[in-house]
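The values are calculated or read from the model by the stated rules, or taken from the named source; none is laboratory data. Given the structure is predicted, the values throughout are model-derived calculations rather than measurements. As a convention, Cβ positions derive from the backbone with ideal geometry for all residues, glycine included, and neighbour counts pool all protein chains shown. In case anyone asks, the SASA skips ligands and DNA or RNA and just uses the protein heavy atoms, side chains included. Shrake-Rupley method; radii C 1.70, N 1.55, O 1.52, S 1.80 Å.
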Amino acid sequence: MKSSAIAHSNIALVKYWGRSRHHDSNLNIPLNDTVSMTKYGMMDDCHLQTHTTIEFAPEFNEDLVLVEGHEVIGRHLERIIYVIDRLRSHAKIDYRFKMMSRNDFPTQAGLASSASAFAALSLAAADALGLKFSRENLSKIARLGSGSAARSIHGGFVYCYGGNSHETSYAEQICTVDCFDMHAVIAVVDAGKKEITSDEGHHLAHTSPFNEFRIEKSHQQAQELRKLILDNDFDAVGAIAEANCLYMHAVMMTSQPSLFYWQPATLNIIKTVQKLRKQGLPCYFTIDAGPNVHCFCQSRNMHELLKIIRQIEGVKQTILVRPADHGFVTDEHLF
Ligand code: DP6
């Protein structure tokens, strides 16, 4: 009962911030529908992916998790066991497990993502337990580990329903990798760990006076984006993604306590993207719960944008990304 899987991280074009307080908080039900691009790092040694192996066996007497060779404990371990317990109960198997996981991106680059990790874990564990789940059902399991992980089960462009129960909160694919020409240059500004994780930040969303507005607006934007992606309208998609990111940061900045994830270099990049756009280079930005910036463009402008972003003061590293395929089970085991 051993299986391995690989999944990629994703970047949200319409983001979630805050979880439903009307449901068990362990269910991770996002407050709004979201849209994302699953992302593939276009560098030899960095594809922004997680590779995970898991084995269940009657002779194991405890659940053991090793990430990058280090044993995982505390809240992280609890979240992993919560996901596995769901699958164990579906499979009616109560064996303990051993799991190993490896990211191919620099773990200290502020890019470590729970999305690829929980997507790979759900795919591998379901396979090891012999469960034949649809991708939609697997996305529900991945969500129990991390809200954004539901989307990384799929490839290309993805729609995730916030829903109002475990059954109605899941992700589906909008279209595959080559249906929409969107690439990104990731500008890494801070390589350190963030002070407030998104897990902690989600609990503060409701303290912002702009929270309700953001939720309502994000629902509309998610539905609009699905259509615009299928219409191949890069500029309209980019403009909505940028606006949605700013709504989220407005909520973060106005919550109590206030969350400022930006650093001076973050603003340098925002200003540069806006200036480039005025000069005729179509590009748009988005920022997650951290100071790093994703700058979107079409493939033909990727190298020009990369050259400019690299030179901005405070940018420590850049990574080119394109849409990635869905997560998959592999025969390559880590142990
Ligand atoms: C800002 O899914 O990372 O990236 O559920 O605690 O793992 P956890 O949170 P996470 O939150 C995502 C926040 C975001 C927006 C998004 O990806 O939708």
### Task
For Gln317, list long-range residues whose amide hydrogen, built 1.01 Å from N in the peptide plane, is under 5 Å from its own amide hydrogen.
Val188
### Message
Tell me the mean residue ellipticity at 222 nm calculated for the chain from its helices only (DSSP H runs of n ≥ 4, each -39500 (n - 2.57), averaged over every residue, nearest 500).
### Response
-11000 deg cm²/dmol
#### Entry: Folded to 0 to 90 degrees: helix 234-253 orientation relative to the chain principal axis, Cα
80 degrees
### Query
Rounded, prolate or oblate: which fits segment 1-46, taking a ≥ b ≥ c as square roots of the Cα gyration tensor eigenvalues, rounded meaning a/c under 1.5, else prolate when a/b beats b/c?
oblate
### Message
Connecting C-alpha atoms closer than 10 Å in a GNM of the chain, tell me which of Arg19, Arg135, Arg75 has the biggest fluctuation.
### Response
Arg75
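Ranked from highest to lowest mean number of other Cβ atoms within 10 Å per residue, what is the order of the peptides 271-278, 318-325? Present the calculation step by step, with values, prior to reporting the outcome.
Numbers: 271-278: 15.8, 318-325: 20.8.
The packing order, highest mean first, is 318-325, 271-278.
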### Message
Could you tell me the center-to-center distance, by alpha carbons, between segment 153-227 and segment 66-87 in angstrom?
### Response
23 Å
### Task
Kindly identify segment 124-260 as rounded, prolate or oblate by the Cα gyration tensor criterion: order the square roots of the eigenvalues as a ≥ b ≥ c, call it rounded if a/c is under 1.5, otherwise compare a/b with b/c, prolate if a/b is larger, else oblate.
oblate
### Message
Using a Gaussian network model on the chain with a 10 Å cutoff between Cα atoms, which of Ala57, Ala119, Ala241 fluctuates the most?
### Response
Ala57
### Query
When the Karplus curve 6.51 cos²θ - 1.76 cosθ + 1.60 is applied with θ = phi - 60°, which whole-Hz ³J(HN,Hα) does each residue of segment 303-318 get, with x for Gly and Pro?
6, 5, 4, 4, 4, 6, 4, 4, 8, 5, 4, x, 7, 8, 7, 10
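How large a share of the accessible area of segment 15-122, in percent, is made up of carbon and sulfur atoms when the probe is 1.4 Å and the other protein chains stay in place? Mind showing how you got there, number by number?
Working: 2410 of 4910 Å².
The computed percentage sits at 49.
Using only the Cα atoms of segment 1-130, build the gyration tensor, take square roots of its eigenvalues as a ≥ b ≥ c, and label the shape rounded, prolate or oblate: rounded if a/c is under 1.5, else prolate if a/b is larger than b/c, else oblate.
Details: a/c = 1.87, a/b = 1.20, b/c = 1.56.
Here segment 1-130 falls in the oblate category.
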### Task
Given a cut-off of 23 Å, name the pairs among Lys39/Lys227; Lys217/Lys278; Lys132/Lys227; Lys193/Lys316; Lys15/Lys193; Lys98/Lys132 whose C-alpha atoms lie farther apart than that in the structure shown.
Lys217/Lys278; Lys132/Lys227
### Task
Taking just the C-alpha trace of the chain, give me its Rg and Dmax in Å.
19.1, 65
### Query
Toward the positive end of the charge dipole of the chain, about the Cα centre and with charges on Cβ (Lys, Arg +1; Asp, Glu -1), which of Val237, His90, Cys46 goes farthest?
Val237
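Which whole-number percentage describes the relative contact order of the chain, with Cα contacts under 8 Å and a sequence gap of 6 or more?
Details: 770 pairs, mean separation 88.1, N = 335.
Reported relative contact order: 26 percent.
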### Message
Under 10 Å, Cα contacts only: if you run a Gaussian network model on the chain, which one of Leu225, Leu267, Leu144 comes out with the highest mean-square fluctuation?
### Response
Leu267
